[in-house]
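Working notes, beginning with the structure itself.
Values quoted throughout were computed directly from the atomic coordinates according to the rules given, and no laboratory measurement underlies them. Everything numeric in this text was worked out from a predicted model, so none of it was measured. Here the Cβ positions follow ideal geometry from the backbone for every residue, glycine too, while neighbour counts run over all protein chains shown.
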Amino acid sequence: MKKVLSIAGSDCSGGAGIQADLKTFSAHGVYGMSVIVSVVAENTGRVIGIQDISADMIGKQIDAVFEDIEVDAVKVGMLSTPDCMEEAAKAIRTMGCRAVIVKGGHAAGNAVDVLFDGKEICHFDTARIDTKNTHGTGCIFSSAVASQLARGMGIREAVQKAKDYVTMAIEHSLDIGKGCGPTHHFWHLYQYGL
Ligand SMILES: Nc1ncnc2c1ncn2[C@@H]1O[C@H](COP(=O)(O)OP(=O)(O)OP(=O)(O)O)[C@@H](O)[C@H]1O
Ligand SMILES: Cc1ncc(CO)c(N)n1
């Protein structure tokens with residue numbers, strides 16, 4: 001089984017952050033792991049507080065994973081301190097950034113995402129789903145891309161499949177909480193069984 005790590009914040013309400021990433025990994029049949037960089041007290045309506053985990057402890061979590069397990073893909077989510085952001089920016093540059101996706105979930109009109117793979121621009125265009133329940137869509141989309149890359153897919157196919165997955169999850173989103181509710185990671189599984 002491919003192994004995918006999320007380095008991100010914890011969303012106690014379960015719709016975004018580490019919780020959304022692990023659900024997305026599970027839905028893609030990859031083995032999910034998590035390094036928690038901050039604990040966020042949040043729900044579908046508001047963020048109440050953020051407590052950052054120390055850089056030392058973040059480093060220890062990363063070492064614990066990498067000294068033991070071969071990691072096939074890493075997804076980086078919310079980084080709440082400038083230090084963390086700087087470290088991530090440096091690491092991403094050193095690794096050589098080969099492709100960039102710009103997401104259009106908050107724009108007007110269709111939900112259009114744009115991929116540049118270093119050679120060509122590619123648009124991923126779906127009708128906008130009329131719902132307020134889009135909590136965590138960014139986390140889900142990026143975790144789905146990471147899962148598909150870990151499974152050996154090329155970047156374009158990985159993004160297309162991730163787009164299909166997040167669109168499905170939004171289509172069947174859950175009316176949980178009083179604000180912007182979460183999406184349905186496992187609709188296919190619950191519909192059609194194992
Ligand atoms: N209402 C919608 N209908 C269809 N697709 C959507 C909708 N909202 C977001 N998406 C899609 O969800 C994915 C995530 O994009 P989005 O722009 O929401 O990311 P984000 O801003 O990082 O998310 P977040 O708000 O969780 O931080 C993209 O593929 C986007 O096109
Ligand atoms: C922990 C966390 N990460 C990311 C997001 C963005 O959806 C969120 N709301 N919470």
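Annotation: lysines with alpha-carbon distance below 21 angstrom to Lys60 (same-chain offsets under eight excluded): Lys3, Lys75, Lys90. What separates the Cα centres of the stretch 69-128 and the stretch 132-176 is a distance of 13 Å.
Using 0.36 nm per residue and subtracting the Cα-Cα separation, the extra length available between Glu157 and Met95 on full extension is 20.2 nm. Restricting the calculation to Cα atoms, every distinct pair contributes to the Kirkwood radius of the stretch 21-126, found to be 16.7 Å.
Most simply put, the chain has about 50% antiparallel DSSP beta bridges, counting only bridges with both residues inside it.
Contact order normalised by length for the chain, with contacts defined as Cα pairs under 8 Å and 6 or more residues apart; what percent is it?
Details: 346 pairs, mean separation 44.8, N = 194.
Reported relative contact order: 23 percent.
For Asp68 and Leu189, the FRET efficiency from 1/(1 + (r/R0)^6), where r spans their Cβ atoms and R0 equals 35 Å, is about 0.75.
Using per-residue counts of other Cβ atoms within 10 Å, averaged over each peptide, order 110-121, 70-81 from highest down. Write down the numbers at each step before the final one.
On the way: 110-121: 13.6, 70-81: 17.8.
Listed from highest to lowest mean packing, they are 70-81, 110-121.
Remark: the stretch 187-194, residue by residue, has Karplus-estimated 3J(HN,Hα) of 4, 4, 5, 6, 6, 10, x, 6 Hz, where x stands for each Gly or Pro and the curve is 6.51 cos²θ - 1.76 cosθ + 1.60 at θ = phi - 60°. Listed by chain and number, the aspartates and glutamates whose C-alpha is less than 17 Å from the C-alpha of Lys161, apart from same-chain residues fewer than 8 away, are Asp21, Asp113, Asp117, Asp125, Glu171. Of the peptides 83-95, 148-160, 53-65, 2-14, the order by per-residue mean of other Cβ atoms within 10 Å, starting with the highest, comes out as 2-14, 148-160, 53-65, 83-95.
Dipole of the chain, Cα-centred, from +1 at each Lys and Arg C-beta and -1 at each Asp and Glu C-beta, to the nearest 20 debye? Present the calculation step by step, with values, prior to reporting the outcome.
Values: 18 positive and 22 negative charges, 84 e Å.
Dipole about the Cα centre, nearest 20: 400 debye.
The smallest convex shape that holds all Cα atoms of the chain, its convex hull, gives 128 Å³ per residue.
Going Cα to Cα from Lys119, which lysines come in below 19 Å? Please leave out same-chain ones fewer than 8 positions away. Excluding near neighbours in sequence, the set is Lys103. Measuring between their Cα centroids, the stretch 177-194 and the stretch 1-20 lie 16 Å from each other.
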